[in-house]
Structure formats: structure tokens, C-alpha cells
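Inspection log for the structure reproduced underneath, given as C-alpha cells.
The values are calculated or read from the model by the stated rules, or taken from the named source; none is laboratory data. Everything quoted here is computed from the prediction, not taken from an experiment. Please note: Cβ atoms are built from the backbone with ideal geometry, for glycine as well, and neighbour counts cover all protein chains shown.
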Amino acid sequence: MKDRLHAAVIGMGSRGRGLLKTIHSIRDLDIVAICDIMEDRLAEGKKILNELGAEPDCYTDYRRIIDRGDIDLVYVVTNWITHWEICRDFMEAGIYTSCEVNGAASLDECWELVRTYERTGTPLMMLENCCYGRNELAVLNMVRQGVFGKVVYAECGYCHDLRRGSLNNLTHQRMNNNLLRNGDLYPTHGAGPMAKILNINRGNRFVSIASMSTPGYGVQDYLQRHQPDHPLADARSVHYACGDVTTSLLKCAGGEVLMIRHSVSLPQPYSRANRVQGTRAVYSEDCGGIHIDDVHEHEHWEPMEEIYKQYEHPIWQDYQANPDDGHGGMDFLVMDAFADAARNHTEPPIDAYDTATYMAITALSEASVAMGGMPQAFPDFTRGKWTSGRKVCGGKYCLDTEEIY
């Protein structure tokens, strides 16, 4: 085992720069290389690291980082449509690879990543920070302990009012995707944690998805009222393809149903809309708590603060001793989970099959919406290994248990 890991960070946009401090704080890890095609962003990233006492080499071509030969792990934080190709190239080089959350433009991208993993043996991890959210982990812990009985239904989503920012920014990847694509473009913040609760790819899998979208009026209604001279305000010349609300229903091999909602262009407080319904308990993020049958008063929600006392997940118990900033701790936990896997040469807790599965939701939802809600068969990226023979990642950040196999 090396004394210190050599890490590279690809992508110095706002998210990439925002993660530098968090990644830098990981024990026994040095960020030795950063990359972006835009030199001004690259300079900003270098400045952040210099202020932290680091001296990274800077590149505008990520392939030159691969050629160095001394990189142990890479964090890919570029725009959505470039993740898969960059990840593939680092995996081909045998470098532990991770990517920020994104949905796929096609199933071919997902299969390419799976085949690359199977051919090279190089691990790939999606950096889905919400899998390490405090509430999500507490509910996962309760499900694993049988508190919910048999889970039969779940909901999740990404409900975030982005009208004032990225959805009217002419250079932002989110605006471009919402302008041209219609489907669930950002499913993984909800789908990742729920997939772990439902044991997806480890004893269960998604078998089909059906999606429908509303019209997309929200951004232009907002711009017409607040920024009427904005180039995107004129509905006669500009049309947002993505509906204001996209709803997807996913059927599982075990019979469970998962509903995912994507809504980023309407007025609403932020919510991941998590709900887990079992035969003995129900959790609702928007109701702010849990109800356990025969434990809590009839039709009474118990606040999560009370639940933590008994069911705080061990990962969060350990984290509370040394907290770090970044989306309430989720960023540090997921970045460190990846580094921990690279350090110990183990499978990451969100592996290549999980990554492909979460990404595929976007491409499949687009196809379903385009066909009027027609169900789409969900590929089995594990090729049957979900029924048996899957490795459980080791280490303190594991999200799975042997018992689910």
C-alpha cells in the first residue's frame, strides 16, 4: 500500500472547483494534477489548491495526465455528455475512476462502461453523494434491520427551483440539456439511495420503466415576468423540450415499484421527495419523519431527530466525530469512500454496474416519453449476476450486506 495516493481532478467548472477543498482534505491523498479545457477555470482551480498548500500540475488535455503513469485515482467532474468517454479512457489505463452524477444520452454509453470494467477490471464509481445523506443512511439502516418489514414501494426525485440560475444561463450544461431533451435528466440523487434500499443489482433489479412529461412552461413564464429581454424568454422562437415535471415508474424484479420525479423549472422548496413504504413503517422526507406501526401514535410522524438516537447509520456515527463541509457532509463521505476503495484495492460501494444502471434511467425515460409513456425494458447490466455472485465492497463505507444475496 502506498503511503500517499496521487489523485487527479478533471473539470474545473463550479462543481469541480467546489470539490477541491473536500478532496484535498482526504487523508493520505495529494491532488497532483488538475485539468480543464478552459485555461481561466484551470487557473482558478490552481489558485484554490495553492492556497491550501498544494502544487498541482495543470493540463488542458486529460490524456496527458493518463500518460504520466503515477496517478492512482481520478475524479471526473466535467459536463454530463463527456463523463463516460473520459472515464473509459482512465479505466483502460488501469486507474481507479470516479465520475460526478449524470444521466446517459444513450444506453451504448452505459454498456461501454460496463464492458470496459469487465475487460480491464478497473473499478468505476459514480460519486452519488446522496447515497451518504444522513436521512438516507438512517432509513437504509432501518430497512436492513427489518424495521420497515417488507418494502413494497418507494418514491424519490430531484425537485429544485433552478429558474434563476442554470436554466437561463446560455453556457450552462443544464440549460442546454433541458432545452433539447425531454425526460428525467437528473435522476440519480433519488435513484441512488433508493436503489440501495431496494437491493438493486444485488438480489433485485429494475426490469422496466415508464415515463411521462408535462409541457415545459416554467422557465419562460419566469423570464417573461422577471427578465423579458432575455434571449430565452420568447416562447415563439424558443421552446424548452423538457417538461416541467417528468414522472417515471420503475418496476423491480421483486415486484416493488419506484416512482422518480424530475422537476427543476417550477417554484418549489428543494426536496429529493424520498418516501419508503413497507409493511411495518413509512418514511417521508416531505413530512419530515417516520411512522412505525405499533410503535408511534396512529397517523403520527416521528421527527428524524428522534430516529437518529436509535438508528443513526454507523457511517454517520463515525463521521460526526470529524465532520467536514460539503452538502452537509455527503460530499466528503462519497469522495472519501472512493479514495478508501482505491487505497485498499477493493470494489467501490457504488460500482460500474450501479453507475450504468443509474445513468440509464435518463436515456430510457427519454425513449418512454417520446413514445407516449410506453414502458421500456430495463437492461440487466450485470448479465444475471444480480441473482448471485456479486462482490460486496469492503471497508467502512459499504452500503450493502451479505444477507441480501
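Out of everything in segment 243-284 that is assigned to a strand (DSSP E or B) and among the β-branched types (Val, Ile, Thr), what residue ends up being nearest to Tyr158 (Cα to Cα)? Give the derivation first.
Quick first cut of segment 243-284, residues assigned to a strand (DSSP E or B) only: 246-252, 257-263, 271, 275-278, 281-284.
Of the ones still in play, those that are also among the β-branched types (Val, Ile, Thr) are 246-247, 257, 260, 276, 282.
Details: Thr246: 10, Thr247: 11, Val257: 18, Ile260: 8, Val276: 16, Val282: 20 Å.
Per the stated criteria, the residue is Ile260.
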Open item on the list: Condition (residue is more than 30 Å from His24 (Cα to Cα), among the polar types (S, T, N, Q) and in contact (Cβ under 8 Å) with a residue 40 or more places away in the chain) applied to segment 258-267: is it met by at least one residue?
Closed with: yes
Open item on the list: Given the criteria at pLDDT below 95, closer than 22 Å to His160 by Cβ and not small (Gly, Ala, Ser), does Leu249 qualify?
Closed with: no
Open item on the list: Please go through (1) surrounded by 18 or more Cβ atoms within 10 Å (Cβ to Cβ); (2) farther than 23 Å from Leu162 by Cβ for Ala233 and return the number of the only condition it doesn't satisfy.
Closed with: (2)
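Being surrounded by fewer than 18 Cβ atoms within 10 Å (Cβ to Cβ) and in contact with a Ser or Thr (Cβ under 7 Å, 6 or more places away or on another chain): is that true of Glu85 here?
Values: surrounded by fewer than 18 Cβ atoms within 10 Å (Cβ to Cβ): yes; in contact with a Ser or Thr (Cβ under 7 Å, 6 or more places away or on another chain): no.
No: the conditions fail for Glu85.
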Open item on the list: What's the number of the only condition in (1) closer than 24 Å to Gly329 by Cα; (2) touching a Cys at 6+ places or on another chain (Cβ under 8 Å) that Lys21 fails to meet?
Closed with: (2)
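Only one of Asn199, Asn204 is in the same structural domain as Leu399 (by TED's automatic domain parsing), in contact with a helix residue (DSSP H, G or I) (Cβ under 9 Å, 6 or more places away or on another chain) and on the phi > 0 side of the Ramachandran plot; which? Walk me through how you get there before you give the answer.
Details: Asn204 fails: on the phi > 0 side of the Ramachandran plot.
Among Asn199, Asn204, only Asn199 is in the same structural domain as Leu399 (by TED's automatic domain parsing), in contact with a helix residue (DSSP H, G or I) (Cβ under 9 Å, 6 or more places away or on another chain) and on the phi > 0 side of the Ramachandran plot.
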TODO: Check segment 294-314 and report whether any residue there is hydrophobic (A, V, I, L, M, F, W, C), modelled with pLDDT of 95 or more and closer than 18 Å to Ile197 by Cβ.
DONE: no
Open item on the list: Suppose we filter Tyr308, Tyr222, Tyr240 for residues that are part of a loop (DSSP other than H, G, I, E, B), surrounded by 15 or more Cβ atoms within 10 Å (Cβ to Cβ), touching a helix residue (DSSP H, G or I) at 6+ places or on another chain (Cβ under 9 Å) and not aliphatic (A, V, I, L, M); which single one remains?
Closed with: Tyr240
- [ ] Within segment 147-154, identify whether any single residue is crowded, with 23+ Cβ neighbours inside 10 Å, assigned to a loop (DSSP other than H, G, I, E, B) and assigned by TED's automatic domain parsing to the domain that holds Ala195, and answer yes or no.
- [x] yes
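Given the criterion in the same structural domain as Lys196 (by TED's automatic domain parsing), under 26 Å from Asn204 (Cα atoms) and aliphatic (A, V, I, L, M), identify the matching residue among Val264, Val276, Val295.
Values: Val264 fails: under 26 Å from Asn204 (Cα atoms); Val295 fails: under 26 Å from Asn204 (Cα atoms).
Testing whether each residue is in the same structural domain as Lys196 (by TED's automatic domain parsing), under 26 Å from Asn204 (Cα atoms) and aliphatic (A, V, I, L, M) leaves just Val276.
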Open item on the list: Can you tell me which of (1) in a loop (DSSP other than H, G, I, E, B); (2) under 25 Å from Asn169 (Cα atoms); (3) in contact with a helix residue (DSSP H, G or I) (Cβ under 6 Å, 6 or more places away or on another chain); (4) among the hydrophobic types (A, V, I, L, M, F, W, C) is the one Ile37 doesn't meet?
Closed with: (3)
TODO: All but one of (1) part of a loop (DSSP other than H, G, I, E, B); (2) in contact with a Lys or Arg (Cβ under 7 Å, 6 or more places away or on another chain) hold for Asp30, so report the exception by its number.
DONE: (1)
TODO: Find all pairs meeting these conditions: Cβ atoms under 8 angstrom apart; at least six residues apart or on different chains; first residue within segment 84-100 and at pLDDT below 95; second residue surrounded by fewer than 24 Cβ atoms within 10 Å (Cβ to Cβ) and of a type outside the set (Lys, Arg).
DONE: Trp84/Glu109; Trp84/Glu112
